[in-house]
């Protein structure tokens with residue numbers, strides 16, 4: 001059995017943020033598997049088959065990748081950002097656990113990538129410089145009540161918060177509710193950052209407060225960061241800096 | 001003013017995890033500033049001055065870097081992992097906010113890196129595949145009571161948890177107390193991962209349960225991950241896989 005499976009992160013968008021080990025894996029691969037826009041970030045070449053599939057096809061896609069590897073292919077599953085943060089790695093292991101027992105003998109590796117959360121944080125300063133949490137705001141795979149419970153507990157713990165998938169056309173009301181819960185729990189002055197398409201040509205960064213924030217400031221390409229009580233803004237020429245100090249009391 | 005300051009992440013250890021933009025910054029730099037073992041990861045070359053300093057010297061080091069940039073140097077401040085997660089970026093912004101007003105006119109950029117948390121997660125599968133939090137267990141810069149409060153709230157929120165700086169010789173008791181609090185809040189069967197020196201030649205990964213975990217399993221080079229209620233272990237030939245499914249109820 002000479003096939004293998006590598007589940008890799010392409011980072012948030014810029015080629016300059018793709019790690020050398022991910023680039024090497026893509027060069028050795030016979031097959032690249034993933035959501036269409038991510039597969040399209042891998043240049044076509046002779047000897048490489050690119051298998052793009054639709055969103056919400058994660059388990060079927062994962063099974064396909066595992067089967068290709070079992071048949072001897074050298075398979076790279078691509079995610080944007082990091083593959084272990086709300087991305088394909090968990091889907092591959094779900095498929096593996098529930099599927100063909102032979103898949104457990106495969107050579108499988110996860111190669112980390114620069115997550116959207118880390119890139120968004122870097123783009124404004126260091127808002128995740130102290131304790132923080134990371135929550136997927138999509139209620140496709142969990143009940144909304146659980147999201148709201150986590151928001152309230154995160155506010156009580158005074159974590160900075162990074163939010164993935166804040167808002168889609170199919171569920172516009174969740175993020176409006178998120179902002180209401182957070183205004184109530186954290187107050188209107190709390191800093192919030194909307195970091196859209198970080199490191200891509202369409203990048204836009206917007207720093208404001210919960211009191212000024214509106215649901216329309218986010219879409220599915222936006223990573224949202226809410227500061228802790230300690231998070232500070234430094235005014236200067238050009239864009240302000242936002243950071244969370246290392247100490248707390 | 002032609003100087004600049006880039007605060008970069010060298011990743012957890014392997015050269016293959018350093019992003020091309022960080023490599024390029026190091027090639028353009030006149031000065032590299034950081035904690036001695038991290039500065040030593042940058043190869044010496046003509047035209048590059050390496051300024052290594054001791055641990056707990058972060059603010060003085062940050063002020064030095066800002067001043068060098070103001071004097072026209074091209075300065076790279078290095079952290080291991082990601083510079084925005086319990087590392088130098090927050091220290092530089094603390095120094096900037098409290099220091100020379102001219103520092104606010106500097107060209108400053110943060111270049112993200114593969115954080116220890118993401119590398120540790122990838123080394124065992126995808127334990128951070130669902131909502132999670134990230135806590136620095138050192139009580140050098142915050143009271144222990146705040147750490148304990150956050151541990152209890154994180155358990156109530158059912159976050160997976162990533163812990164930085166679990167244990168040092170100067171404060172061996174904190175991590176023992178952490179394990180007690182978590183056993184009480186999460187039960188003895190909860191999965192815990194000790195990922196030491198990930199991606200370096202000294203890497204060692206140990207997966208066990210809170211019931212079996214002992215304080216000696218961690219040191220300052222260990223990133224600890226505790227699963228959520230949902231986190232699962234897949235037995236197979238070789239090392240087991242650990243992942244947190246994408247869905248929760």
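The values are calculated or read from the model by the stated rules, or taken from the named source; none is laboratory data. A quick note: this is a predicted structure, and the numbers were derived from the prediction, not measured. Note: ideal-geometry Cβ built from the backbone for every residue, glycine included; neighbour counts use all protein chains shown.
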Identify, by number, the condition in (1) over 29 Å from residue B:10 (Cα atoms); (2) more than 7 Å from every other protein chain (Cβ to nearest Cβ); (3) surrounded by fewer than 24 Cβ atoms within 10 Å (Cβ to Cβ); (4) in contact with a helix residue (DSSP H, G or I) (Cβ under 9 Å, 6 or more places away or on another chain) that residue A:151 doesn't meet. (3)
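Within region B:166-181, is even one residue in contact with a strand residue (DSSP E or B) (Cβ under 7 Å, 6 or more places away or on another chain), more than 10 Å from chain A (Cβ to nearest Cβ) and over 29 Å from residue A:105 (Cβ atoms)?
From region B:166-181, those in contact with a strand residue (DSSP E or B) (Cβ under 7 Å, 6 or more places away or on another chain) are B:166; that's our starting set.
Still in the list and also more than 10 Å from chain A (Cβ to nearest Cβ): B:166.
Now drop any that are not over 29 Å from residue A:105 (Cβ atoms), which leaves B:166.
Yes, some residue in region B:166-181 is in contact with a strand residue (DSSP E or B) (Cβ under 7 Å, 6 or more places away or on another chain), more than 10 Å from chain A (Cβ to nearest Cβ) and over 29 Å from residue A:105 (Cβ atoms).
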If a residue must be within 25 Å of residue B:117 (Cβ to Cβ), within 7 Å of chain A (Cβ to nearest Cβ) and in a helix (DSSP H, G or I), how many such residues does region B:78-104 contain? 5
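Table: residues versus (1) assigned to a loop (DSSP other than H, G, I, E, B); (2) assigned by TED's automatic domain parsing to the domain that holds residue A:55; (3) out of contact with any helix residue (DSSP H, G or I) (no Cβ under 9 Å at 6 or more places or on another chain); (4) over 24 Å from residue B:164 (Cβ atoms).
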site	(1), (2), (3), (4)
A:142	yes, no, yes, yes
A:146	no, no, yes, yes
A:177	no, no, no, yes
A:182	no, no, no, yes
A:208	no, no, no, yes
Scan A:242, A:224 and give me the residue that is touching a residue at least 40 places away in the same chain (Cβ under 8 Å), in contact with a helix residue (DSSP H, G or I) (Cβ under 7 Å, 6 or more places away or on another chain) and either on the phi > 0 side of the Ramachandran plot or part of a strand (DSSP E or B) (or both). A:242
Can you find a residue that is under 18 Å from the mean Cα position of the chain (by Cα), within 24 Å of residue A:21 (Cα to Cα), at the interface with chain B (Cβ under 7 Å from one of its Cβ atoms) and crowded, with 24+ Cβ neighbours inside 10 Å anywhere in region A:120-137? yes
Looking at this structure, is residue B:160 under 18 Å from the mean Cα position of the chain (by Cα), surrounded by 23 or more Cβ atoms within 10 Å (Cβ to Cβ) and within 12 Å of chain A (Cβ to nearest Cβ)? yes
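Somewhere in region B:59-69, is a residue modelled with pLDDT under 95, within 25 Å of the chain's Cα centre (by Cα) and either surrounded by 13 or more Cβ atoms within 10 Å (Cβ to Cβ) or not in a strand (DSSP E or B) (or both)?
The initial filter retains those residues of region B:59-69 that are modelled with pLDDT under 95, namely none.
Checking region B:59-69: not a single residue is modelled with pLDDT under 95, within 25 Å of the chain's Cα centre (by Cα) and either surrounded by 13 or more Cβ atoms within 10 Å (Cβ to Cβ) or not in a strand (DSSP E or B) (or both).
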Looking at region B:22-36, is at least one residue buried (at least 17 other Cβ atoms within 10 Å of the Cβ) and assigned to a loop (DSSP other than H, G, I, E, B)? yes
Kindly provide the set of residues from region A:205-229 that are surrounded by fewer than 19 Cβ atoms within 10 Å (Cβ to Cβ) and under 19 Å from residue A:128 (Cα atoms), ordered by number. A:205, A:206, A:208, A:209, A:229
Criterion (surrounded by fewer than 19 Cβ atoms within 10 Å (Cβ to Cβ), under 20 Å from residue A:238 (Cβ atoms) and not assigned by TED's automatic domain parsing to the domain that holds residue B:137) met by exactly one of B:72, B:47: B:72
Which of the residues spanning region A:105-118 are within 8 Å of chain B (Cβ to nearest Cβ) and under 13 Å from the mean Cα position of the chain (by Cα)? A:112, A:113, A:114, A:115, A:118
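Which one of A:215, A:201 is in contact (Cβ under 8 Å) with a residue 40 or more places away in the chain, out of contact with any strand residue (DSSP E or B) (no Cβ under 7 Å at 6 or more places or on another chain) and more than 24 Å from residue B:157 (Cα to Cα)?
When all the criteria are applied, what remains is A:215.
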